[in-house]
Structure formats: C-alpha cells, structure tokens
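Undergrad: Quick one: structure below, then a few questions.
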Amino acid sequence: MPESSALVLFSGGQDSTVCLAWALDRYDRIETVGFSYGQRHSVELEQREIIRSKLARLGPAGQRLGGDTVLDLPALQSISDTALTRDTEIAFAATGLPTTFVPGRNLLFLTYAAALGYRRGIATIVGGMCETDFSGYPDCRNDTMQAMAQALSLGLATPVSIETPLMFIDKAGTWELASKLGGEDLIQIILEDTHTCYVGDRTNRHEWGYGCGVCPACDLRAKGWAEWQARTNRELPQKA
C-alpha cells in the first residue's frame, strides 16, 4: 500500500494541535507548516516547536511527525487593518464581522500550503477551520474549504484534499476529541503549551490554559472547557 501523507496547518494553538494529533493518528507521514504574517504577537509561533517535540514523544504515532516549515507572508499585514495585525480594539466592525477577521488569511495559507505540498509530494492539507465555533469568519466555512480544494486541484493539475476534522464540532467537542486521541498526556500539552489568546498573554494560567481570560478566543476556549467538564464529570486538574 502506498504511504499516506498530510501537511498540517500548525499555528501552535489548541485547534491546530488537535488537528496535528488527528493527522498523526491517520497518516504515515506528517509535516507541518506555519505562517509568520506580522501577527500582533509571536507567542503561538514560539510555542510550535515545544508542542511538536512533545507530540513526537507521544507513543508510536509521534514517530510519524516529519519536517516543519515556517513561511513569511509580510504582505498580509501590510494590506490588513485588523485586531490580529494591529494594536486595535477587538470588536465588531461595520461589516458585522469581528475585527479579528484577517481577510483572505486562510485562503492564502491554503494556497501556500498546497504549493509546498506539491513540492513535498503531499496532496492532503489538514486545517483547524470550524463553522460551529468560528466567530463568523467566512474563510472557515466548509463551502469555502471545498471550493478551495477544487480550485487548488485545478490550478495544480493534481488532486488536492483539504481535511477539517473540527469543522462540525464545538469547542467542547474539540477537548473531547483531544482526549480520545491522546488521553491525559495530550490534554496536558494543550493546557500547558498551546496558545489561543488574541493578545498573547502567557502570564495568567486558568483551568483551561494560558490567556488573558477576556478576549473572544479565551472566552470560547474557557466555555468549551467548562462544557466538556460538565459532559464528562471530569475531575479538574490542579493548576500549575
């Protein structure tokens, strides 16, 4: 049987870490790609290698983890005026979308990932896009992903598949999936090492991990954690 492979969009956040664990459970060879696009803080990028190193030691599946690439996309910051690329207020814009929406970001990420995958002989891209808990971002919708897969396949003249294991589950379901994939070891990696907070706060440790505790990303992560606890009656771990 031919070796299966996948390229995971890996930011260092909770969702992409769960997606990486999901891919390690399913494919023979996994590579990761991250993007430096002038984001407001670099905490996620700094956490990426820590998380990769720990996942590589999580049982036999971790041995499938291959190389990592970080691509610089500075032009994205220069054409964006958002709360993720500027020190501006996190709020809802006149468009009805939150100011954390970076127009075209996921579309560019997928295009660059597909180009990298083409060179690496990898036709499957895995991403943490989700339309259940997605703040209304249009480039996180399943229809967008399917359209991009079709466009990339046509443009590269080779089949490109985009896998989104979190697309139809909520944040509590993401915690549950992590538990099923890697048990308490993976949960602890997510709690201690992943970073989702929009403002880059790693000084405040909560039951659900590090963050400011008030931005939309922290709020979503905290609510998902609490709901998962309620679903499972799981005993809360002690804070570090």
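The values are calculated or read from the model by the stated rules, or taken from the named source; none is laboratory data. Please read these numbers as outputs of a predicted model, since none were measured by experiment. Heads up, the Cβs are rebuilt from the backbone with ideal geometry, glycines too, and the neighbour counts pull from every protein chain shown.
Undergrad: Quick check on the range 28-58: of everything there that is farther than 21 Å from Phe109 by Cα and either among the hydroxyl-bearing types (Ser, Thr, Tyr) or without any contact (Cβ under 8 Å) to a residue 40 or more places away in the chain (or both), which residue is surrounded by the most Cβ atoms within 10 Å (Cβ to Cβ)?
TA: Ala56
Undergrad: Name, by its number, the condition in (1) under 21 Å from Gly182 (Cα atoms); (2) modelled with pLDDT of 90 or more; (3) touching a helix residue (DSSP H, G or I) at 6+ places or on another chain (Cβ under 9 Å) that does not hold for Glu49.
TA: The number of the failed condition is (3).
Undergrad: I'd like to know if the range 169-185 contains one or more residues that are at pLDDT below 90, in a loop (DSSP other than H, G, I, E, B) and either surrounded by fewer than 14 Cβ atoms within 10 Å (Cβ to Cβ) or aliphatic (A, V, I, L, M) (or both).
TA: Checking the range 169-185: not a single residue is at pLDDT below 90, in a loop (DSSP other than H, G, I, E, B) and either surrounded by fewer than 14 Cβ atoms within 10 Å (Cβ to Cβ) or aliphatic (A, V, I, L, M) (or both).
Undergrad: Which one is farthest from Pro74 (Cα to Cα) among residues in the range 1-15 that are polar (S, T, N, Q) and crowded, with 24+ Cβ neighbours inside 10 Å?
TA: So in the range 1-15, the residues polar (S, T, N, Q) come out as 4-5, 11, 14.
If we keep only those that are crowded, with 24+ Cβ neighbours inside 10 Å as well, we get 11, 14.
Numbers: Ser11: 16, Gln14: 24 Å.
Checked the range 1-15; the qualifying residue farthest from Pro74 (Cα to Cα) is Gln14.
Undergrad: A further question on this structure: Among the residues of the range 141-169, count how many are within 14 Å of the chain's Cα centre (by Cα) and either within 19 Å of Gly104 (Cα to Cα) or acidic (Asp, Glu) (or both).
TA: Matching residues across the range 141-169 total 4.
Undergrad: Here are Cys130, Cys140: which of them is over 23 Å from Gly67 (Cβ atoms) and touching a residue at least 60 places away in the same chain (Cβ under 8 Å)? Please lay out each step first, then the result.
TA: Details: Cys140 fails: touching a residue at least 60 places away in the same chain (Cβ under 8 Å).
Just a single option satisfies the conditions, and that option is Cys130.
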